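Worksheet: the structure to be examined is printed underneath.
Quick note: the coordinates plus some simple rules give every number you see, no bench work behind them. Note that this is a predicted model, so its numbers are computed, not measured. In this analysis, Cβ positions are derived from the backbone assuming ideal geometry, glycine residues included, and neighbour counts consider all displayed protein chains.
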Amino acid sequence: MSEEGRFTIHLQQQEGFLINVAFDWKRAPDVLMDEPPPLGEQQGPNASRMLAAAAANCLSASLLYCVFKEEPPENCLRAEATCIMVRNERKRLRIGSMEIRLIVSEAVTQSARFARCKDLFEDFCVVSASIRQGIPMRVTVEDETGEILHTSS
């Protein structure tokens, strides 16, 4: 379950706010992302929805791995991710908080490992643990020749 080091995902704007996301895994299909109206046409999820999905997916995988290791039974877990959108003091829209709900079947709750795992799995979820701590991020804007036009401080 470990993924150490670094990876790069490539994004290419198609038209308007429609952006194709190409992952670094050859077998993973591209994903189209878009913004809701009035900016985009909602032809794919936007970044906030992808972040919520990433957190819920990571928590789901972490719990399943802890309880079953490599082979969880089929259809034993569902998840819901809710983002609460707020405006900050500068009136900028932000994800104020997230609520992740994991719904597990008896196959999970009856497992001998479940009692122990329910208190451990969150700590092993890379995405939700990172979000909770805040993720340092450097942002660079450069032109097609590689000239750096902006770097965040």
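Structure data summary
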{"read-out": "Rounded tilt (10° steps) of 47-68 against the dominant C-alpha axis of the chain", "value": "20 degrees"}
{"read-out": "Qualifying chymotrypsin sites (Phe, Trp or Tyr not before Pro) for region 1-82 [loop in DSSP, other Cβ within 10 Å: at most 11]", "value": "7, 25"}
{"read-out": "Cβ-based charge dipole, the chain, positive-most Cα from 146, 117, 14", "value": "117"}
{"read-out": "Globularity index of the chain, i.e. its alpha-carbon radius of gyration over 2.2 N^0.38 Å", "value": "1.25"}
{"read-out": "In region 79-111, trypsin sites (Lys or Arg not before Pro) in a DSSP loop with at most 16 other beta-carbon atoms within 10 Å", "value": "90, 91, 92"}
{"read-out": "Residue with peak Gaussian network fluctuation, the chain [Cα springs, cutoff 10 Å], from 60, 128, 105", "value": "105"}
{"read-out": "Whole-number percent relative contact order across region 1-45, with pairs defined as alpha carbons under 8 Å at least 6 apart", "value": "27 percent"}
{"read-out": "Sparsely packed GluC sites (Glu not before Pro) within region 1-86, loop by DSSP, other Cβ within 10 Å at most 15", "value": "3, 4, 41, 70, 74"}
{"read-out": "Total charge dipole magnitude, region 47-151, about the Cα centre, Cβ charges on Lys, Arg, Asp, Glu only, Debye to nearest 20", "value": "560 debye"}
{"read-out": "Percentage relative contact order, region 1-131, counting C-alpha pairs under 8 Å, at least six apart", "value": "18 percent"}
{"read-out": "Residue of 104, 139, 67 that the Gaussian network model of the chain assigns the largest fluctuation, springs spanning Cα pairs under 10 Å", "value": "139"}
